[in-house]
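Since the structure comes first, as structure tokens, the remarks are kept for the end.
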Ligand SMILES: [Zn+2]
């Protein structure tokens with residue numbers, strides 16, 4: 001597994017604000033933003049995790065327990 005830097009562990013309450021700040025809110029709502037783990041639209045289960053990868057790209061995981069814990073780190 002590649003090293004990743006968790007930039008935020010988000011709670012459901014403030015995920016929209018975070019996504020908006022990252023410019024991802026529209027993609028999230030339209031279903032274009034997919035979970036990096038299960039590759040389903042994040043909006044289906046809600047946002048579980050947002051982080052930045054080595055390429056400085058934002059990666060997201062949905063709120064499915066298996067997805068948000070796949071990195072072994074949260075909060
Ligand atoms: Zn997922």
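Binning the C-alpha pair distances of region 35-75 at 5 Å intervals from 0 yields a P(r) profile of 6, 28, 36, 21, 8, 1 %, listed from the shortest bin outward.
Once you have the Cα-Cα distance between residue 53 and residue 32, take 0.36 nm times their residue separation minus that, and quote the gain in nm to one decimal.
Values: separation 21, 0.36 × 21 = 7.56 nm, distance 1.88 nm.
Full-extension gain reported as 5.7 nm.
Over region 35-75, Cα pairs under 8 Å with separation of 6+ residues give a relative contact order of 40 percent.
Values in this text are rule-based calculations from the coordinates and carry no lab data. Quick caveat, the model's predicted, so the values are computed rather than measured.
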